[in-house]
Amino acid sequence: MTEEGKARVVSDANFDKEVLKSATPVLVDFWASWCKPCQKMAPILEAVAQDYAGRLTVAKLDVEDSPGTAQRYDVRGIPTLILFKGGQPGERVSEYMPKEELERWLDAAL
Amino acid sequence: MSPADSPAASTAAWDLLVVGAGPAGLAATIYAARAGLRTSILERGAPGGQMATADWVENYPGFPEGVAGVELGLKMEEQARRFGVTFLTADVGATGLQLAGPDKTVAGQRARAVVVATGSRPRRLGLPGEDRLAGRGVSYCAICDGAFFRGKRVAVIGGGDSAVTEAAFLAKLAAKVFVVHRRDGFRAAPTLVERVRALENVELRLGRVPVSIEGSGGVEALVLREAAGGEAGAREERLELDGVFIYVGTDPETGFLKGKVDLDRAGYVITDQEMRTSVPRVYAAGDVRVKGLRQVVTAVADGAVAAMTAEKDLAALAQG
């Protein structure tokens with residue numbers, strides 16, 4: 001159903017299963033249609049999904065569709081990326097980052 | 001993108017490379033491209049600069065009803081692309097920068113002339129809780145994050161046009177907006193101030209200084225104290241809220257230029273009237289340079305001047 005190496009879509013409905021119960025760390029991208037920097041990050045996150053396939057899953061959550069999850073993790077600004085490990089939210093960042101910077105951040109956080 | 005020292009890269013790819021796709025940079029590319037210069041523009045994020053974070057621009061000439069900041073940015077970008085400007089995604093800070101000499105290198109791109117138009121970034125207050133709660137209720141962009149505060153309580157800190165304009169914007173979404181400013185009067189244009197004073201869900205807290213932002217998972221409160229009378233014994237007030245929007249000015253994006261071009265003490269690029277910096281064929285335009293008025297309208301003017309000065313200087317070089 002979901003391919004390795006591609007960002008997957010998560011929502012309030014499947015967050016528990018796809019993110020909290022994931023054995024692999026999951027980088028959750030909180031985004032919305034009005035957010036231009038989020039749009040600019042989308043291809044960067046697809047590239048990261050590919051580069052880190054196997055050791056990291058990238059998941060995208062639309063905060064307009066899934067306000068419950070956004071609220072649960074105190075996401076009140078986007079873009080926000082939160083790295084989940086073993087069901088727990090860990091490192092997070094709330095600003096646009098170009099690919100090199102994001103990968104440096106990830107390497108330190110993973 | 002060949003390395004600057006590659007034997008194959010003997011001719012610079014660009015006549016003019018512009019760094020930063022805000023209004024100054026975009027205007028520079030429009031003028032440069034129309035003057036026949038091979039022109040490219042580097043941008044780390046999305047084009048538009050701070051126009052993209054301004055809800056509504058009312059004072060840019062030509063728009064009697066005003067224009068959405070995002071739209072103004074998109075139009076400028078479209079215009080630049082129409083004239084054949086090449087847009088490149090790059091972060092100048094991260095890679096080698098070489099500005100001296102006949103060919104300049106910026107983010108792996110070689111050009112005969114460079115316009116620095118990197119603008120500025122929102123200034124932080126440096127309050128306890130401010131960094132920890134960034135994205136969790138602390139924001140520097142109302143149009144970006146306002147949607148999270150529908151029906152909630154927020155504060156806007158600042159006294160200039162941006163603070164007052166964005167407070168009015170937030171008042172349409174939030175249940176309550178507190179406007180906090182250390183002075184007793186606003187710096188903002190009187191018409192903007194009148195408009196925000198009249199809003200029934202806006203409460204002013206003038207003569208107040210923010211002390212800290214509180215909250216565990218997200219913002220829960222903003223602590224203020226009276227500005228007058230110093231810290232000891234000043235009355236504190238704790239406002240319970242869900243968001244704090246900070247609009248207290250901007251700082252120039254010139255960290256990457258330290259030691260490369262002359263900057264003033266605050267970090268702004270020093271230029272002459274024609275936008276020339278201390279390095280030949282390196283120019284600066286827009287908020288990033290030392291200037292009196294930082295607005296979209298002055299940024300585009302700088303961009304146009306910088307491009308035409310570059311064209312003149314490159315032509316003079318060709319004549320030897």
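The values are calculated or read from the model by the stated rules, or taken from the named source; none is laboratory data. The structure displayed is predicted, hence computed values, not measured ones. Counting neighbours? That spans all protein chains shown, and the Cβs are built from the backbone with ideal geometry, glycine included. Keep in mind that these areas ignore ligands, DNA and RNA; they rest on the heavy atoms of the full protein, side chains included. Shrake-Rupley method; radii C 1.70, N 1.55, O 1.52, S 1.80 Å.
For chain B, calculate the relative contact order in percent as a whole number, restricting contacts to Cα pairs under 8 Å that are 6 or more residues apart. Let's see the in-between values first.
Working: 731 pairs, mean separation 66.1, N = 320.
Relative contact order for chain B comes out at 21 percent.
Think of chain A as having a plus end and a minus end, set by charges on the Cβ of Lys, Arg, Asp and Glu; of A:GLN39, A:GLY87, A:VAL10, A:GLY87 sits farthest toward the positive end of this dipole. Assign one of three labels to chain A, namely rounded, prolate or oblate, based on the Cα gyration tensor with a ≥ b ≥ c the square roots of its eigenvalues; rounded applies when a/c is under 1.5, prolate when it is not and a/b is larger than b/c, and oblate otherwise. Judged from the Cα gyration tensor, chain A comes out rounded (a/c under 1.5). DSSP loop (so not H, G, I, E, B), at most 12 other Cβ within 10 Å: list which GluC sites (Glu not before Pro) in the stretch B:65-95 pass both filters. The qualifying sites are B:GLU65.
Probe radius 1.4 Å, ligands and nucleic acids ignored: give me the carbon and sulfur share of the accessible area of the stretch B:122-236 as a rounded percent.
Values: 2500 of 5210 Å².
Answer for the stretch B:122-236 is 48 percent, counting heavy atoms of protein chains only.
Give me the percent of DSSP beta bridges within chain B that run antiparallel, rounded to the nearest 5. Can you show the working numbers first?
On the way: 23 of 57 bridges.
Once the DSSP bridges in chain B are tallied, antiparallel ones form about 40 percent.
Can you give the local net charge around B:VAL177? Use residues other than it whose beta-carbon is closer than 13 angstrom to its beta-carbon, Lys and Arg +1, Asp and Glu -1. Every neighbour counted, the sum reads +4.
Alpha carbon centre of the stretch B:151-191 versus the stretch A:72-91: separation in Å? Measuring centre to centre over Cα atoms gives 29 Å.
May I ask you to list, by number, the DSSP H helices of chain B whose Cα span along the axis is at least 27 Å and whose average Kyte-Doolittle hydropathy reaches -0.5 or more?
Numbers: long enough: B:296-319 (35 Å, 0.95).
Taking the DSSP H segments of chain B (at least 27 Å long, mean hydropathy at least -0.5), we get B:296-319.
Both chains summed, the buried accessible area for B and A stands near 1600 Å², from protein heavy atoms and a 1.4 Å probe.
Placing +1 on each Lys and Arg Cβ and -1 on each Asp and Glu Cβ, with no other charges, gives the stretch B:233-277 a dipole about its Cα centre of roughly 220 debye.
Of the beta bridges DSSP finds with both residues in the protein assembly as shown, what % are antiparallel, to the nearest 5?
Working: 32 of 75 bridges.
Within the protein assembly as shown, antiparallel bridges account for around 45 percent of the total.
As a length-normalised measure over Cα pairs under 8 Å and 6 or more apart, the relative contact order of chain A settles at 35 percent. Rounded to 0.05, the FRET efficiency of the A:ASP16 and B:ASP131 pair, given R0 = 25 Å and the Cβ-Cβ distance, is 0.25. Taking trypsin sites (Lys or Arg not before Pro) as exposed when DSSP calls them loop and at most 16 other C-beta atoms lie within 10 angstrom, chain A has its longest site-free stretch at A:56-110.
Is the shape of the stretch B:112-222 rounded, prolate or oblate, going by the alpha carbon gyration tensor and its root eigenvalues a ≥ b ≥ c, with a/c under 1.5 for rounded and a/b larger than b/c for prolate? Mind showing how you got there, number by number?
Details: a/c = 1.58, a/b = 1.17, b/c = 1.35.
Cα axes put the stretch B:112-222 in the oblate bin.
Distance distribution P(r), the protein assembly as shown, all Cα-Cα pairs, bin width 20 angstrom from 0: 24, 52, 23, 1 percent.
Under a 1.4 Å probe, what is the accessible area of the protein assembly as shown per residue, stated in Å²? Intermediate results must be reported in sequence, preceding the final value.
On the way: 19630 Å² over 430 residues.
Value returned for the protein assembly as shown: 46 Å² of accessible area per residue.
Note on chain B: with charges restricted to the Cβ of Lys and Arg (+1) and Asp and Glu (-1), its dipole about the Cα centre is near 220 debye. Only one residue of B:ALA117, B:GLY146, B:LEU72 has its Cα farthest out toward the positive end of the dipole of the stretch B:1-155, where Lys and Arg carry +1 and Asp and Glu -1 on Cβ, and that residue is B:GLY146. Straightening the chain between B:GLU194 and B:LYS312 buys 37.8 nm, computed as 0.36 nm per residue apart minus the Cα-Cα spacing.
Compare the Cα positions of B:ALA316, B:ALA266, B:TYR247 along the charge dipole of the protein assembly as shown (+1 at Cβ of Lys, Arg; -1 at Cβ of Asp, Glu; about the Cα centre) and return the one farthest towards the positive end. Towards the positive end, the residue furthest out is B:ALA316.
Which of rounded, prolate or oblate describes the stretch B:33-160 when judged by the alpha-carbon gyration tensor and an a/c cut-off of 1.5? It is oblate, given that a/c is not under 1.5 and a/b is not larger than b/c.
Here the contact order of the stretch B:173-304, divided by its residue count and restricted to Cα pairs under 8 Å and six or more residues apart, works out to 13 percent. Here the dipole of the protein assembly as shown is about 420 debye; that uses its Cα centre as origin and unit charges on the Cβ of Lys and Arg (positive) and Asp and Glu (negative).
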